[in-house]
Ligand code: ATP
Ligand code: MG
Ligand code: MG
């Protein structure tokens with residue numbers, strides 16, 4: 001990402017400015033620092049100021065965040081129609097890099113929680129999904145991978161538009177083709193290629209997007225992996241298959257989760273086209289524990305069904321739904337399953353872009 005850093009115009013950073021912001025509240029905390037709700041004395045508006053820890057690594061990453069957001073919004077989103085948070089200003093205060101953002105409201109996780117984890121109606125899921133897709137299209141056009149798409153990083157706008165949402169937190173984002181880090185994405189939303197250590201592209205955001213869409217509907221995360229092993233096991237169970245052999249063959253971490261049961265050569269020459277037998281087999285829990293010498297805590301499967309199709313089709317209907325709505329809804333649920341199948345697809349090359 002060194003190119004990006006060079007593009008930041010440091011002359012814009014005013015080291016000597018007068019006091020402009022008054023801190024009113026703390027909105028969030030993280031490893032990077034804190035986000036404060038501030039009153040902007042110049043514009044008479046509330047703004048959210050991300051105050052970055054005074055350490056070189058965080059500073060550098062925050063500069064990447066500023067430059068990516070600057071590029072996305074200036075070049076690809078000048079009219080603010082694509083559901084990406086807007087940066088207003090950035091400056092250094094007492095050796096802390098600070099980024100001010102437009103003030104937004106609750107995040108989608110908080111919204112799901114306020115709804116008692118019951119999930120939203122299909123029309124609401126559709127409305128949110130469309131907006132997130134708008135943001136993903138802009139990122140794709142700009143060659144940016146967000147790398148941390150999850151409900152916590154999608155905020156409700158407090159603007160005039162009724163239920164507008166915006167994608168925030170480009171603190172882990174990178175440029176396609178400059179994928180430096182391998183430990184990325186929040187676990188529940190982590191794509192199989194990142195878990196397996198396979199070269200990744202912007203399609204990791206599409207995987208996370210699929211997980212978000214499912215969670216908006218179900219109210220609970222689709223793959224609540226307690227560990228990476230548990231995560232992979234849940235994917236295999238729910239999707240009813242495992243990652244394709246070519247992906248497993250070329251991934252750095254395959255040996256952590258799979259045992260090699262026959263050679264690919266063997267496979268290609270012995271198996272008939274109808275029964276393609278994989279060269280890999282998922283380790284049993286005992287085998288994994290023996291290798292990792294740690295116990296993955298497996299949460300209970302709260303869906304009562306194993307396969308994606310059954311989970312979506314049988315998810316309890318809201319009681320107050322009239323009869324004719326139910327049959328109409330079951331058709332839309334089939335479409336939702338089809339949509340999710342395109343997104344939570346093991347093969348990044350086949351996954352919907
Ligand atoms: P970490 O990666 O260490 O978890 P972070 O990079 O996730 O931290 P952000 O997601 O950018 O940091 O911000 C942290 C929290 O601050 C958000 O989850 C949200 O609650 C709040 N926040 C961030 N930006 C805004 C905003 N523009 N308006 C209102 N709240 C915000
Ligand atoms: Mg965040
Ligand atoms: Mg972050």
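Read-outs throughout are calculated quantities, based only on the coordinates presented, and are distinct from any laboratory measurement. The structure displayed is predicted, hence computed values, not measured ones. Because the Cβ atoms are built from the backbone with ideal geometry, glycine has one as well, and the counts that use them run over all protein chains shown.
For the reader, a short list of remarks on this structure follows.
- Stokes-Einstein diffusion for the chain at 10 °C, viscosity 1.306 mPa s, with a Kirkwood radius from C-alpha pairs, works out to 71 µm²/s.
- DSSP beta bridge pairing in the chain, given as percent antiparallel to the nearest 5: 95 percent
- Spin-label pair residue 80/residue 114, simplified geometry with 7 Å Cα→Cβ offset, distance in nm: 2.1 nm
- Between 33, 119, 225, the Gaussian network model of the chain with springs among Cα atoms under 10 angstrom shows the greatest mean-square fluctuation at 33.
- Fewest-first sequence of 98, 45, 147 by Cβ atoms within 10 Å of each Cβ: 45, 98, 147
- Eigenvalues of the alpha-carbon gyration tensor of segment 80-144, scaled by 5 and square-rooted, set the equivalent ellipsoid semi-axes at 29, 19, 9 angstrom, largest first.
- Helix 228-239 vs. the chain, principal-axis angle (Cα, 0 to 90°, nearest 10): 60 degrees
- Of interest is the spacing of the C-alpha centroids, which for segment 115-139 and segment 168-237 amounts to 17 Å.
- Label separation (residue 127 vs residue 307): 3.3 nm, computed from points 7 Å beyond Cα along the C-beta direction.
- Packing-based ranking of 164-170, 103-109, 60-66 yields 164-170, 60-66, 103-109, ordered from highest to lowest mean Cβ neighbour count within 10 Å.
- Angle between the chain longest axis and helix 122-142 axis [Cα atoms, degrees, rounded to 10]: 70 degrees
- Likely footprinting exposure, 39, 207, fewest C-beta neighbours within 10 Å first: 39, 207
- Taking 287, 323, 329, 42 and counting other C-beta atoms within 10 Å, the order from fewest to most: 323, 42, 287, 329
- Approximating the spin labels as points 7 Å out from Cα along Cα→Cβ, the residue 163-to-residue 141 distance works out to 2.6 nm.
- Placing R0 at 35 angstrom, the Cβ-Cβ distance between residue 330 and residue 26 gives a FRET efficiency of 0.20 after rounding to 0.05.
- Between helix 56-71 and the chain: long-axis angle, C-alpha atoms, 0 to 90°, nearest 10: 90 degrees
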